[in-house]
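Single-structure report; data block below.
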Ligand SMILES: Cc1ncc(COP(=O)(O)O)c(C=O)c1O
């Protein structure tokens, strides 16, 4: 069986360092907002090239906190509209709702799977105050075009970089440093994943960073002094310690993902399997390698029979989820077509060459 993702193998590479950091956190007696979190925030800000990084409990909170902080700072107000891709993981849409803002769903570009810039332009109106760009599957959204639209219409541009740690734009900037503020998830399966839940926000905006630092810790400016209505969404010391170790390996891991993707792209040759778009720059860190097939049921049966792991990112689009009933009547044809046909095949920094070749052969024989 070729696993879709072998998380144990990914993390066991760091066994010794993890254990040593576990011991030092244990003996420090300081488990929340201590030096490990501070150190990781510095490390990750340096890595992304931003002035600030604030750890959070998860990626959804990171997105929500950015939006709530903009409300606190008067740059957004409840009810303002925020453009989000229809083709995304539900968290992007939920963050807008959790901040009492109104999501405006916009359909995808069929080739790149990302939000369609042409469609974004059609949805700009005076109530729209922000755009969330999602770097889906590890590939940067068309961020230059979105940046220009945001500047032209004086909108906030926020990155949902939950799947794109380390992706680099053609202007040599990293995901997390391509907008006003960015949210990351460190969910275990991510390119940079911890051993539980975790997230972070990166930004160059000092006022925003100061506000989020209060918001994520009960709105407090100093211990037991609460200036605003905040929440509890902190990255914990142990996860921060693990993340600092794994961050050192991220670029190499992303290179390995890009090598596997390059191999798949030049060696999978089957008319029934549509390969993903890739422009051969570093703007894609292949969180997922997503192929498309017309008859997904049949393809999945074939993968099961041949013991190749897979996932579907994602089977039901946000606007068709029961939880988002207010969008159930809407139609986003490209997004729906993508959701009906995608299958993610194994890609990870710990796959052996043999496994990559086996997956390729099996797909070619389909
Ligand atoms: C695109 C996207 N946005 C947001 C999130 C939310 O991250 P988390 O699961 O850490 O809350 C995820 C994670 O699954 C994601 O893939």
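The values are calculated or read from the model by the stated rules, or taken from the named source; none is laboratory data. Everything numeric here is computed off the predicted structure, so don't read it as measured data. Using ideal geometry, Cβ is built from the backbone for each residue, glycine included, and neighbour counts are taken over all protein chains shown.
In the stretch 260-281, the count of residues that are assigned by TED's automatic domain parsing to the domain that holds residue 46, part of a helix (DSSP H, G or I) and either at pLDDT 95 or above or at positive phi (or both) is zero. When the test is whether a residue is assigned by TED's automatic domain parsing to the domain that holds residue 181 and within 15 Å of the ligand (Cβ to nearest atom), residue 55 passes it.
For the stretch 164-176, the criterion of being modelled with pLDDT of 95 or more, within 11 Å of the ligand (Cβ to nearest atom) and surrounded by 17 or more Cβ atoms within 10 Å (Cβ to Cβ) is satisfied by at least one residue.
Does residue 158 satisfy the criteria of being within 14 Å of the ligand (Cβ to nearest atom), in contact with a strand residue (DSSP E or B) (Cβ under 7 Å, 6 or more places away or on another chain) and in the same structural domain as residue 52 (by TED's automatic domain parsing)?
On the way: within 14 Å of the ligand (Cβ to nearest atom): yes; in contact with a strand residue (DSSP E or B) (Cβ under 7 Å, 6 or more places away or on another chain): yes; in the same structural domain as residue 52 (by TED's automatic domain parsing): yes.
Judged against the criteria, residue 158 is a match.
Taking the stated definitions as given, is residue 134 at pLDDT 95 or above, over 21 Å from residue 203 (Cβ atoms) and in contact with a helix residue (DSSP H, G or I) (Cβ under 6 Å, 6 or more places away or on another chain)? So residue 134 fails the test. The conditions of being outside any helix (DSSP H, G or I) and either more than 16 Å from the ligand (Cβ to nearest atom) or within 28 Å of residue 322 (Cα to Cα) (or both) are not met by residue 96. Only one of the listed residues (84, 106, 120) is within 27 Å of residue 276 (Cβ to Cβ), touching a helix residue (DSSP H, G or I) at 6+ places or on another chain (Cβ under 8 Å), at pLDDT 95 or above and away from the ligand (no atom under 16 Å from the Cβ). That residue is 120. Yes or no: residue 92 more than 25 Å from residue 293 (Cβ to Cβ) and modelled with pLDDT of 95 or more? Yes, satisfied.
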